[in-house]
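Asks: Starting off with a structure, shown below.
The values are calculated or read from the model by the stated rules, or taken from the named source; none is laboratory data. It should be emphasised that the depicted structure is a prediction, and the values quoted were computed from it without experimental measurement. A quick note on method: Cβ atoms are made from the backbone with ideal geometry, for glycine too, and the neighbour counts reach across all protein chains shown.
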Amino acid sequence: MKDEKNNSDNMENKAQKFFQKRAESFKADKDLWSKLEPRLDEKQKMTEPAGRKERFWRWLAGPRLIAITTSVGVLVILATAGSIWLTNNNTANHNTSSSIDRAAIEKGLGANYGYIATQSSIVITNTALGAFPVTMPVTTTTAVFSATNGAGSSFTWGDNLANNTAAIGKQVISQASVSLNVTNVSTALNQVETMAQNLGGSVDNMNSSGTQNQQQANVTIRVPANQFLAALNQLQSMGTVVNQNINSQDVTQQYIDLQAQLTSAQLEEQSLQAILAKATTVSDEIAIQQQLTQVIAQVENLQGQINYMQNQVAMSTITVNLNTPQISTGQAPSGTLTVAVGNVDNTIASVKQLISGVNGIVNASTVSFDNGKESAYLSLQVYTANFDQVMTALGKKGKIEQKTVQESGTSQLIPAQQSNNPPDASIYLTLTEPTSFWTAAHITIIAAGALILVVLIIILAIAGRAGLLRKKTA
Amino acid sequence: MIEQTVMTDNDIIRRCQAGDREAFRIVVEKYQNILYGTAYLMTGNRTAAEDHVQEAFLSAWKGIGSFRSGYPLKPWLVRILVNKILSYQRANANPMISLDTESFADPAGDDPAEEIAQRDQLRRVMQRLSNEQRQVVLLRYFAGLSLAETAEALGRRQGTVKSQTSRALEQLKDLIEDDNKS
């Protein structure tokens, strides 16, 4: 080792001698100074060893700048592509995290149908004549729904909702309301009652009113949860569906809470009973008895709530409204309108005011949230005479995103104040919040891009300092 | 008795920094040959070498104000020169030095035969090396810079310079040994 070092030093000395001997043979231009002196006053760019800053800029220039610019370009393109993707996703209201089987829905829906799917519900709309909106709860992997509209076309998808709900142990209370136009209300009432009994259910409440020509009835039936959709199906075949609303409430959490409270109260009851048995004085006995009475009341109360809930879950409630079809000389107009508004809640209130101002009816209103964006669906009925006026007024509530109008055929314009008939023109209004370009996802993408860029620059800088990027001068 | 004043580099620098051209003339005369030789061996071209030396001295004059006294002048000057040459070579994409026998043998055209022979030997030595090795050997042994100064001037790490030097010396071993014996 030592010898090696000595050899190396020795070699260095020899090399030094070799080169320095020859260095003396190089003579610069004799007139160098005379050429140089007049130039000393020249303004010349400093080219002495570059400072840190200067070296950095020199290092950055050229291919590195191109590389960085390209990276920025690519990131901007990626961010833009991401933004477009997100915007499209928002517009279509598609929520990929939702467990909705879209293919099945789309397959099941006819050309006249549209649907708005959210995490919690699917709103199905029919743009065809006399159509009805349907709100479907999404509580299972595949929901089933089968319905027939007035024109006779039908759609179906998935498996039984109630069965699946039971299979996964969810406690869901399903409710629906259906408005039907039937030729004979009394016959229809009988059909509804028979149907309820056949399905293992019962009629809860029934009332009817009106004359022979203009009869109306309301009936509330209870059917087993697993027959809920079958019942709806049969109801729809009894007449023309004017309006239908289905909603479900997941009470699993409340059910679990009630069960826990009950168990705890029962344990308390047992321990109080044990203490009471051991009580030696009358005053103790009285005190414990008082406590015990309270606990027993609590147990009964909880048991009652649980029973009610179980009953509600086991038996679905369907409210059926039966009407004789209105005497119509032609097809009333209908329209669908999607309006982007600043505040959905305020707009709903003003729309309701507007509709009541023209003696119209708000049939259904559903509010849903998707990715933090509120949207509302309103089914409105107005008199044909007011249809155009209302459509215009609704359009002014915000920015119209979509509008379709089905004009009336030979409809006779019935002045609202002179008519005893209910309003006949339907308007399906969807209110959405405008899609903001800068969503959190956009900002995240851009921030990630910027971060990658910074990391890239740091890596380049480190590599540059380590001499890895230096141009080879060989 | 005439008092002889020996001016050190530090004194000269201070005077240069005060704008004394005469002092700078001393600097030029003191270092012009070594700079010229370095430039010549780096470029293989007499005119180019002269131009680079001139430019290096001009830059040194402009930048002498920022030179920190107490530091040796030669490495600083060599660094300016090497920087100029490398920048030029990078910009003109002609980093390959052609060590053609003729111009190398007699750059000035009127040199004694012995000097020509010595330079020819130097040419043979340099031809054995890669460009990186040539630069390292040149600065280390021809210009007499330290390892750190060479690394600084070439913008390489000391470890790199060290390994390049030892590889170069390994290749030049026989030629240098022969020369020592003679």
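Asks: Name every residue in region A:279-288 that is at pLDDT 85 or above and either outside any helix (DSSP H, G or I) or exposed (fewer than 13 other Cβ atoms within 10 Å of the Cβ) (or both), in order of residue number.
Replies: Hits for region A:279-288 are A:Thr280, A:Thr281, A:Val282, A:Ser283, A:Ile286.
Asks: Looking at (1) more than 25 Å from B:Leu73 (Cα to Cα); (2) modelled with pLDDT under 80, which one does A:Gly73 not meet, given that it meets all the others?
Replies: (2)
Asks: From (1) within 42 Å of the chain's Cα centre (by Cα); (2) part of a helix (DSSP H, G or I), pick out the condition that doesn't hold for A:Val295.
Replies: (1)
Asks: Which number in (1) surrounded by 19 or more Cβ atoms within 10 Å (Cβ to Cβ); (2) modelled with pLDDT of 85 or more; (3) part of a helix (DSSP H, G or I) marks the one condition that A:Ile445 misses?
Replies: (2)
Asks: May I pose another question? Just to be sure I understand, how many residues within region A:349-406 are buried (at least 21 other Cβ atoms within 10 Å of the Cβ), free of Cβ contacts under 8 Å to residues at least 60 places away in the same chain and of a type in the set (Val, Ile, Thr)?
Replies: Residues meeting the conditions: 4.
Asks: Considering A:Ala81, A:Ala15, which residue is away from chain B (no Cβ under 12 Å) and modelled with pLDDT of 80 or more?
Replies: On inspection, the qualifying residue turns out to be A:Ala81.
Asks: For region B:61-85, how many residues meet the condition of being within 15 Å of the chain's Cα centre (by Cα) and at the interface with chain A (Cβ under 7 Å from one of its Cβ atoms)?
Replies: The number of residues fulfilling the criteria is 4.
Asks: Are any of the residues in region B:6-18 out of contact with any Phe, Trp or Tyr (no Cβ under 7 Å at 6 or more places or on another chain), within 11 Å of chain A (Cβ to nearest Cβ) and at pLDDT 80 or above?
Replies: no
Asks: Counting residues that are modelled with pLDDT of 85 or more, which helices (runs of 4 or more DSSP H) fully inside region B:94-182 reach at least 3?
Replies: Output list reads B:131-137, B:147-154, B:158-181.
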